[in-house]
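Participant: Below you will find the structure I want to go over with you.
The values are calculated or read from the model by the stated rules, or taken from the named source; none is laboratory data. Predicted model, so just to flag it, every value in this text is computed and none were measured. Glycine also receives a Cβ, built like all others from the backbone with ideal geometry; neighbour counts cover every protein chain displayed. Quick note on the areas: whole protein, heavy atoms, side chains included, nothing else; ligands and nucleic acids left out. Shrake-Rupley method; radii C 1.70, N 1.55, O 1.52, S 1.80 Å.
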Amino acid sequence: MSRLEAKKPSLCKSEPLTSERVRATLSVLKGIVTSCYGPSGRLKQLHNGLGGSVCTTSQSSALLANLSVTHPILKILTTSVQNHVSCFSDCGLVTAILCCNLIENVQRTGLTPSTVIKLNKHLLSLCTTYLRSEDCGCRIPVDFDNTQILLCLVRSVLTSKPACMLTRKETDHVSTLILKAFLLTIPENTEDHIILGKSIIVPLKDQRVIDSTVLPGILIQMSEVRLMKILPIKKSDSLKVALFHASLSGDLSDAGEGTVVVNYGVSLENAVLDQLLNLGRQLVSDHVDLVMCQKVIHPSLKQFLSMHRVIAIDRIGVALMEPLSKVTGTQPIGSLGSISPSSYGSVKDLRTAKFGFKSFFHLIPNEVTICSLLLGNRNDTAWDELKLTCQTALHVLQLTIKEPCVLLGGGCTETHLAAYIRHKTFNERGSIAKDGGYTQTELQLITEAFCTALESLAGSLEHDGGEILTDMKYGHFWSVQPDSPSVVNWPDLLSRCGCGLHNSQEELNWSFLRSTRHPFAPQTCLPHETLGSANNLTLDCFTAKLSGLQVAVETANLILDLSYVIEDKN
């Protein structure tokens, strides 16, 4: 009999953010995510002390999924970031760093949480309104007749993930493949709304990155021996397809739960096999050319179908069932009974393909909205990171169709936005304070905390100790190599701004990012002639970054508003 222990009282802590332990924990998390940020971000290796797999990454999705967090405040922050990433795939580190910066900065002001939260909401509203306006100086409209901006966006996603270990040539090659794969998922005939297809990433881990390619349709990996046994089919029209998600193995364990009553002298195995062969006869009489099964097909049924020149492929797996159903137009069949004619689909052609040591069965659809992106890389770790990055890039392109614009990357949107907010609140401080019911001093303190948080986010891109500047015309981000002379002619040291839009030979004045300067109005009109000639811009997904900004501010407000943390210790 186990001993009964008295129930422990819950542990109640007031004002959790005043605790040095909580502040130190938040500081550690901020240090982790900040050091991962950008193309030169430092990689993190996550593993269990007891053994198991090792994850090497700088991506927020992989980092937070493998990071063990126990403190309730940190759980709120990491869960918010993970929810954002699950919806938008990109800007997870942006969200986490900005949230930590805001919490840290506003705590120094000494203002009440209610005042801070009201002002944060107002400043967030100014940001979102400006970023959505036609006058925004850091937003670029996307013209789908010209793929250059889209290619820059994909390249920016790839270069921000150093664990992919790509050279410049490899980055350009993979960027082109991702864009091609995305374009293949867009249907040719669109009506009121677009239903995008899907890109399936196929591993070629033993091949070079430069050997990666994109093919329309679906590739099903199989052994070369099995592939040689498949008879070639030559038909002028499309091929009829049947897709089964029920097992065709004849195994009774696949029949489901319940009681089976068998008459004396009846062989259950023979009865099931007869039913399978009857199914095969119907498939042959319905002129089916290709039978695919998620699970196993009985050898006798395979032989029967082969005798009638019907290709049978089993062990497809659950991951390919949805794309196969979509690409062939089939309705997956879940029983061994009579098959409805409406369950059948078709494909345009069947081929075989070989890449390296892997052999594939290649299904080419009538209308291409499903494609296969075959990816190679140097090792498993780099391949895993590249796969995750390609999925992010494909999702970012999908989001760009919904909102056809992008934001300037490389820290320029953050510094430009900070300059705009400072100037607007300075010029309208009287009316803003009066309408909101707070003093001009409170407005100034929180505005400075908010803008400094944005600038610190941009400054997180510099990991080698170099100086960070901003120009006084556009409010863009500029970085200087470490160990540069302190008194110099800046155009001699600077090349281009963080996003690559402006060069140092323009008539610009610079200031240290963290120095005190009078608020100025950044130029809000993008030079279209510069955009037309620029082919190497660093860009960010508009939808993902805007959501990240909102999630960061709202999560910071939620944490700042916490009065008690109650933990059940039982």
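Participant: Pairs under 6 Å by beta carbon, first residue assigned by the TED database to the domain that holds PHE361 and under 18 Å from LEU239 (Cα atoms) in segment 303-329, partner of a type in the set (Lys, Arg) and not in a helix (DSSP H, G or I), six or more apart or different chains?
Facilitator: Note: pairs meeting the criteria are PRO323/LYS198.
Participant: Residue check: is SER533 open to solvent by 60 Å² or more (accessible area, probe 1.4 Å), modelled with pLDDT under 80, within 29 Å of PRO141 (Cα to Cα) and among the small types (Gly, Ala, Ser)? So that I can check it myself, show each step before the final result.
Facilitator: Working: open to solvent by 60 Å² or more (accessible area, probe 1.4 Å): yes; modelled with pLDDT under 80: yes; within 29 Å of PRO141 (Cα to Cα): yes; among the small types (Gly, Ala, Ser): yes.
Judged against the criteria, SER533 is a match.
Participant: Looking only at residues that are in contact with a Leu (Cβ under 6 Å, 6 or more places away or on another chain) and not β-branched (Val, Ile, Thr) in segment 151-167, which one is most open to solvent (accessible area, probe 1.4 Å)?
Facilitator: Result: LEU151.
Participant: Could you go through segment 217-227 and let me know if any residue there is at pLDDT below 95, open to solvent by 10 Å² or more (accessible area, probe 1.4 Å) and touching a Cys at 6+ places or on another chain (Cβ under 9 Å).
Facilitator: Taking every residue of segment 217-227 in turn, none turns out to be at pLDDT below 95, open to solvent by 10 Å² or more (accessible area, probe 1.4 Å) and touching a Cys at 6+ places or on another chain (Cβ under 9 Å).
Participant: Let me ask another. Name the residues in segment 308-347 that are over 11 Å from HIS245 (Cα atoms), in contact with a helix residue (DSSP H, G or I) (Cβ under 6 Å, 6 or more places away or on another chain) and not in a loop (DSSP other than H, G, I, E, B), would you?
Facilitator: The answer is ALA312, GLY345, VAL347.
Participant: Given (1) at pLDDT 90 or above; (2) over 30 Å from ALA62 (Cβ atoms), identify the lone condition not met by CYS371.
Facilitator: (2)
Participant: For segment 273-288, what are the residues that are out of contact with any helix residue (DSSP H, G or I) (no Cβ under 8 Å at 6 or more places or on another chain) and touching a residue at least 60 places away in the same chain (Cβ under 8 Å)?
Facilitator: Within segment 273-288, just GLN275 meets the criteria.
Participant: With the structure loaded, tell me whether ASN83 is within 30 Å of VAL209 (Cβ to Cβ), open to solvent by 40 Å² or more (accessible area, probe 1.4 Å) and under 22 Å from the mean Cα position of the chain (by Cα) or whether it fails that test.
Facilitator: Working: within 30 Å of VAL209 (Cβ to Cβ): no; open to solvent by 40 Å² or more (accessible area, probe 1.4 Å): yes; under 22 Å from the mean Cα position of the chain (by Cα): yes.
Answer is no for this residue.
Participant: Now for a separate question. Condition first: at pLDDT 90 or above, β-branched (Val, Ile, Thr) and open to solvent by less than 30 Å² (accessible area, probe 1.4 Å). Now tell me which residues in segment 312-338 satisfy that.
Facilitator: Correct list: ILE313, ILE316, THR328, THR330, ILE333.
Participant: Against the condition assigned to a strand (DSSP E or B) and at pLDDT below 90, how does SER511 come out, does it pass?
Facilitator: Working: assigned to a strand (DSSP E or B): yes; at pLDDT below 90: yes.
Spelling it out, SER511 is indeed assigned to a strand (DSSP E or B) and at pLDDT below 90.
Participant: Also, quick follow-up: Quick one: which strands (runs of 3 or more DSSP E) lie wholly within segment 167-226 and hold at least 3 residues that are under 12 Å from LEU394 (Cα atoms) and in the same structural domain as ARG315 (by the TED database)? Can you show your working first?
Facilitator: Details: elements: 198-204, 213-216, 218-222.
Hits in segment 167-226: none.
Participant: On to the next question. So ILE178 fits all but one of (1) touching a residue at least 60 places away in the same chain (Cβ under 8 Å); (2) surrounded by fewer than 19 Cβ atoms within 10 Å (Cβ to Cβ); (3) under 22 Å from the mean Cα position of the chain (by Cα); what number is the exception?
Facilitator: (2)
Participant: How many of the residues making up segment 82-94 are more than 18 Å from LYS44 (Cα to Cα) and part of a helix (DSSP H, G or I)?
Facilitator: 6
To keep it simple, each residue is scored yes or no on (1) touching a helix residue (DSSP H, G or I) at 6+ places or on another chain (Cβ under 9 Å); (2) buried (at least 22 other Cβ atoms within 10 Å of the Cβ); (3) more than 25 Å from THR543 (Cα to Cα).
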residue: PRO9; (1), (2), (3): no, no, yes
residue: CYS12; (1), (2), (3): no, no, yes
residue: ARG42; (1), (2), (3): yes, no, yes
residue: LEU46; (1), (2), (3): yes, no, yes
residue: ALA62; (1), (2), (3): yes, no, no
residue: ALA65; (1), (2), (3): yes, no, no
residue: HIS71; (1), (2), (3): yes, no, yes
residue: ILE76; (1), (2), (3): yes, no, no
residue: LEU93; (1), (2), (3): yes, yes, no
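Participant: Still on this structure, please answer the following. From the list THR213, THR190, pick out the single residue that is at pLDDT below 70, polar (S, T, N, Q) and closer than 30 Å to ILE178 by Cα. Please lay out each step first, then the result.
Facilitator: On the way: THR213 fails: at pLDDT below 70.
None of the other options fit; the residue is THR190.
Participant: Of these, ARG132, ARG168, ARG139, ARG155, which one is charged (D, E, K, R) and touching a strand residue (DSSP E or B) at 6+ places or on another chain (Cβ under 6 Å)? Show your work before the answer.
Facilitator: Values: ARG132 fails: touching a strand residue (DSSP E or B) at 6+ places or on another chain (Cβ under 6 Å); ARG168 fails: touching a strand residue (DSSP E or B) at 6+ places or on another chain (Cβ under 6 Å); ARG155 fails: touching a strand residue (DSSP E or B) at 6+ places or on another chain (Cβ under 6 Å).
Among ARG132, ARG168, ARG139, ARG155, only ARG139 is charged (D, E, K, R) and touching a strand residue (DSSP E or B) at 6+ places or on another chain (Cβ under 6 Å).
Participant: Take residues that are closer than 30 Å to LYS198 by Cα, out of contact with any Pro (no Cβ under 9 Å at 6 or more places or on another chain) and open to solvent by less than 50 Å² (accessible area, probe 1.4 Å) and tell me which of the strands (runs of 3 or more DSSP E) falling wholly in segment 370-488 contain 2 or more.
Facilitator: On the way: elements: 370-376, 405-408, 468-471, 477-479.
Qualifying strands (runs of 3 or more DSSP E): 405-408.
Participant: Just wondering, is there one or more residues in segment 349-363 that are of a type in the set (S, T, N, Q), under 19 Å from MET228 (Cβ atoms) and modelled with pLDDT under 90? Steps first, please.
Facilitator: Just the residues of segment 349-363 that are of a type in the set (S, T, N, Q), to begin with: 352, 359.
The next check asks that each one be under 19 Å from MET228 (Cβ atoms); those that pass are 352, 359.
Okay, now just the ones that are also modelled with pLDDT under 90, so 352, 359.
Looking through segment 349-363, at least one residue is of a type in the set (S, T, N, Q), under 19 Å from MET228 (Cβ atoms) and modelled with pLDDT under 90.
Participant: Search segment 433-452 for residues that are modelled with pLDDT under 90 and pair each with any residue that is part of a loop (DSSP other than H, G, I, E, B) and not charged (D, E, K, R) when their beta-carbon atoms are under 7 Å apart and the residues are at least 6 apart or on different chains.
Facilitator: Close Cβ pairs satisfying both conditions: ALA433/THR439.
Participant: Considering each residue of segment 42-80, count those that are without any contact (Cβ under 8 Å) to a residue 24 or more places away in the chain, assigned to a loop (DSSP other than H, G, I, E, B) and within 14 Å of ASP384 (Cα to Cα), and give that number.
Facilitator: 1
Participant: State whether one or more residues within segment 136-155 are over 22 Å from SER80 (Cβ atoms), of a type in the set (Phe, Trp, Tyr) and assigned to a helix (DSSP H, G or I).
Facilitator: Initial filter on segment 136-155 (over 22 Å from SER80 (Cβ atoms)): 136-155.
After this cut, where a residue has to be of a type in the set (Phe, Trp, Tyr) as well, the list is 144.
Retained after the next criterion (residues that are assigned to a helix (DSSP H, G or I)): none.
Within segment 136-155, not a single residue is over 22 Å from SER80 (Cβ atoms), of a type in the set (Phe, Trp, Tyr) and assigned to a helix (DSSP H, G or I).
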